[in-house]
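What follows is a single structure, written as structure tokens, with notes after it.
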Amino acid sequence: MISLRIDDPVMAPPFAVNNSATSLSSHPQDTRQNGLYCAGDVRILIMDDDPAVCRVIQAALANDDFTVDVVSEPLEMEAKLHQKAYNIVILDYVIPGLDSERVLSWVREYQPDASVIVVTAFPTIDSALHCLRAGTFDYLTKPFQIAQLQRVVMRCLQSKGLLRMSEEALRVSLGAAIRERRKGQGLTLAQMAQRTSVSLGYLSQIELGKNSASIETLYRISLGLGVKMADLFQAVQASA
């Protein structure tokens, strides 16, 4: 089956693929450098009948905190799902010799807690609807950029509570969300200090991410901006 060609330019960014089909010249940025950390062991299973695709995706998701297993032999796929519990299963929807709905039923039966990300080189409305009804996390069509898959996986892990922002990253992101809304309303720090009864210096430290705001202070800031506290945290989640 022809699927993701590792020499296809669309698959290259942000990696430079060398002449070997089994390796990439660099790995994705460590999640900790992005202000994120794993709250536990992350186990990912890649199910694709093309070994080259498995290797590329496995390398793209390589991380000290991740265990990434692959299975490319259709006859071994059901047995592989028995071996250990996975957090994410990345599944090629069309696998020669196997019925797509049957494979999805295996995943649901043997990996009930896993989120499923479906990839396919043969997208159809019927398959997309079936995946939607099956509760899959996402549906990607080949070819896709590695960075796109990485983003989907990170978003999936965050939704499962397995990938979280560090305290420092949370402070910086929350401060940026407050600053953006303040400036969007044309308010100066001095005006915000007046509205909130919070000192100008403290507000500045919060916006710069150098100081944590208490719940009461965040409540005052949200009132001063005319937004809900939840809106500020939603902005933080969106930026993660």
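When each of Ser115, Ser173 is tested for being surrounded by 13 or more Cβ atoms within 10 Å (Cβ to Cβ), in contact (Cβ under 8 Å) with a residue 24 or more places away in the chain, in contact with a strand residue (DSSP E or B) (Cβ under 9 Å, 6 or more places away or on another chain) and not assigned by TED's automatic domain parsing to the domain that holds Val68, the lone residue that passes is Ser173. Please specify each residue of the range 185-196 satisfying the condition of being loosely packed, with under 15 Cβ neighbours inside 10 Å and under 21 Å from Ala230 (Cα atoms). Across the range 185-196, the qualifying residue is only Gln185.
Would you be able to say whether some residue in the range 128-148 is closer than 19 Å to Ala60 by Cβ and in contact with a Gly (Cβ under 9 Å, 6 or more places away or on another chain)? The answer is no; no qualifying residue exists.
Given the criteria at pLDDT 95 or above and part of a loop (DSSP other than H, G, I, E, B), does Ala62 qualify? No, not satisfied.
Tyr86 meets the conditions (1) in a loop (DSSP other than H, G, I, E, B); (2) of a type outside the set (Lys, Arg); (3) surrounded by fewer than 21 Cβ atoms within 10 Å (Cβ to Cβ) in every case but one. The failed one is (3).
For beta carbons closer than 7 Å, sequence separation of 6+ or different chains, a first residue in the range 149-164 that is free of Cβ contacts under 8 Å to residues at least 40 places away in the same chain and more than 13 Å from Leu36 (Cα to Cα) and a second that is surrounded by 16 or more Cβ atoms within 10 Å (Cβ to Cβ) and charged (D, E, K, R), the qualifying pairs are Val152/Asp138. Any residue at all in the range 47-57 that's of a type in the set (A, V, I, L, M, F, W, C), surrounded by fewer than 16 Cβ atoms within 10 Å (Cβ to Cβ), at pLDDT 95 or above and over 27 Å from Gln234 (Cβ atoms)? No; the residues of the range 47-57 include none that is of a type in the set (A, V, I, L, M, F, W, C), surrounded by fewer than 16 Cβ atoms within 10 Å (Cβ to Cβ), at pLDDT 95 or above and over 27 Å from Gln234 (Cβ atoms). Taking the conditions (1) part of a loop (DSSP other than H, G, I, E, B); (2) over 19 Å from the mean Cα position of the chain (by Cα) in turn, Ala52 satisfies each one other than (1). Evaluate the range 98-119: report whether one residue or more is on the phi > 0 side of the Ramachandran plot and within 21 Å of the chain's Cα centre (by Cα). No: the range 98-119 contains no residue that is on the phi > 0 side of the Ramachandran plot and within 21 Å of the chain's Cα centre (by Cα). Met165 fulfils the conditions (1) surrounded by fewer than 19 Cβ atoms within 10 Å (Cβ to Cβ); (2) touching a Gly at 6+ places or on another chain (Cβ under 6 Å) except for a single criterion, (1). Taking the listed residues Ala79, Ala85, Ala12, the one that is at pLDDT below 75 and either in the same structural domain as Phe122 (by TED's automatic domain parsing) or more than 21 Å from Val103 (Cα to Cα) (or both) is Ala12, with no other qualifying.
Scanning the range 128-146 for residues that are within 27 Å of Lys84 (Cα to Cα) and either outside the structural domain of Ile44 (by TED's automatic domain parsing) or surrounded by 13 or more Cβ atoms within 10 Å (Cβ to Cβ) (or both) turns up His130, Cys131, Ala134, Thr136, Phe137, Asp138, Tyr139, Leu140, Ile146. Scanning the range 219-240 for residues that are part of a helix (DSSP H, G or I) and over 26 Å from Met154 (Cβ atoms) yields Tyr219, Arg220, Ile221, Ser222, Leu223, Gly224, Leu225.
The values are calculated or read from the model by the stated rules, or taken from the named source; none is laboratory data. Note that the coordinates shown come from a computational prediction; the quantities given were computed from them, not determined experimentally. Ideal geometry is used to build each Cβ from the backbone, glycine not excepted, and the neighbour counts take in all protein chains shown.
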